[in-house]
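What follows is a single structure, written as structure tokens, with notes after it.
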Amino acid sequence: MTMTPDPMQNRWKTLDKDLGRLSQLERATATLSKPSFAFGIALCFIIVCACAAYVLMGGTPGTATLVVAAAFGAYMALNIGANDVANNMGPAVGANALTMGGALVIAAIFETAGALIAGGDVVSTISGGIVAPEAVADPNTFVWAMMGALIASALWLNLATWFGAPVSTTHSIVGGVMGAGIAAAGFGAVDWGKMSQIAASWVISPVLGGVIAALFLAFIKATVNDVEDKITAARRWVPLLIGIMAGAFAAYLAAKGLRRLIDVSLSDALLLGLAVGLVTTLGMRPVIRRQSEGMENRKKSLKKLFAVPLIISAALLSFAHGANDVANAIGPLAAIVHAVQDMGTAEKVTIPLWVMLIGAFGISFGLMLLGPKLIRMVGSEITKLNPIRAYCVALSAAITVIVASALGLPVSSTHIAVGAVFGVGFYREWEAERKARALQILKGNPVPPEERSRRKLVRRAHVLSIGAAWVITVPVTALLSALLFLVLNAAF
């Protein structure tokens, strides 16, 4: 018996296919519209900041200059959020301790809180003493020098983010200020001793961060991961490791991130860190004992003990970053506001609240809109991270800043964090190579060169591209800011 096709059934099949095609089209459209959506929101934020500057400063001399400076200050803050915050959240996301959405929310909250609660209330008129203030005595020349530095550093950060290279925002603004200062007042205006220290930090920051991260990873593997009774070892050593982290962050925040709230010396910050570390170690012993009950005696089980400390460390790093690096976004803007209002270049510039808000919210908006790309790159594309390795990276960032402060070395938090990721990866390579050689000696079979090349655990392409971006940051921003200053000064 021949069955007559049901036209209604065929109609539903056709409808299902059409709906499927429509869903695919919607997904494709959503995917394609994400960059334009982020660009649109960023542009709206810049326009709102410019309008706010006009409303707040309208009627004062140089209103048009202030409006333009506010727009570029917002643009700079967006790029800092897109590029620099990845160093704080990348390891936690790469280790799967945080989802991308959770990381963005936590970072936005703590970056904003750090900028508004503990952000610096004064900033040098010519960023960090790179250029002598008396060298640029004319207010108009000073304004265009700061404008050139601000635009140049923001453009370079935007380009670096587009290429997927985490660079130092501090070095970007320093290069911009140096270039504009040279164009405005000659080479003699630059403090070349300070610049040589900054150049040295290109090597010191990543090497120190990488060495400290690798040492902690080696310690954890020797005392916990590679012993027979891993649970007992974890109960003994993990509380101490968490205590070290708590103490390091307490000292880090006291010395670097809370200057506006309290004024403490480095020695006082270290004493505070020691006290917090001891209390945390004692308090975490019963907690780790409870968490480890019923755990299997495997390396995979131990990673769970580091997940929460890793999330807390990422939040604290974001708070400290917001407190310290907000000045990179709004320092030149604040200097321009001061110069236009007071017609001078005093050595200390008070940052108005509306300028601070531009920096704080700009960093958070930049992170939410454009930050995921570099978060993924730092967290998963350089080397594979798990909670233990990512914990070593976060701990290294805090300790390296403290050590560098004690030694009087200028370092970049970006270089430290990325250097720590490289350090963890290269340590894993060294350990894998050592084990392969031991196995080779035991079996008497040499490991083929092609097999060794497959065991590389750090992507060399990122080493070269990021290293090159670090080296050229200051020269590129210096040259660009000098050209922008000459154009602005000639035009206005």
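Nothing in this text is a laboratory measurement; each read-out follows from the coordinates by a stated rule. It should be emphasised that the depicted structure is a prediction, and the values quoted were computed from it without experimental measurement. Cβ: placed from backbone, ideal geometry, glycine included. Neighbour counts: every protein chain shown.
The calculated FRET efficiency for the pair Arg236 and Val403, based on their C-beta separation and a Förster distance of 30 Å, comes to about 0.70. The label point for Ser265 and the one for Gln440, both projected 7 Å from the Cα toward the Cβ, are 5.4 nm apart. Per-residue extension of 0.36 nm, minus the Cα-Cα distance of Trp192 and Thr99, leaves a gain of 29.1 nm for this segment. Separation of the alpha carbons by more than 24 angstrom is noted, of Lys230/Lys435; Lys230/Lys456; Lys303/Lys384; Lys299/Lys373; Lys221/Lys373, for Lys230/Lys456; Lys299/Lys373; Lys221/Lys373. Ordering His462, His321, His338 by the number of other Cβ atoms within 10 Å of each residue's own Cβ, fewest first, gives His462, His338, His321.
Fully extending the segment from Glu429 to Ala491, taken as 0.36 nm per residue of separation minus the present Cα-Cα distance, adds 16.8 nm.
Residue order for Cys51, Cys392, fewest other beta carbons within 10 angstrom first, comes to Cys51, Cys392.
Taking the Cβ-Cβ separation of Trp354 and Arg285 as r and a Förster radius of 51 Å, what is the calculated FRET efficiency to the nearest 0.05? Approximately 0.60, to the nearest 0.05.
Cα-based values for region 40-491, radius of gyration first and Dmax second, are 23.1, 84 Å.
Taken along the Cα-to-beta-carbon direction at a fixed 7 Å, the label points for Ala64 and Lys373 span 3.4 nm. Listed by Cβ neighbour count within 10 Å, with the fewest neighbours leading, Leu253, Leu317 appear as Leu253, Leu317. Between Thr223 and Val48, the modelled label-to-label distance comes to 4.7 nm, taking each label 7 Å out from Cα in the direction of the beta carbon.
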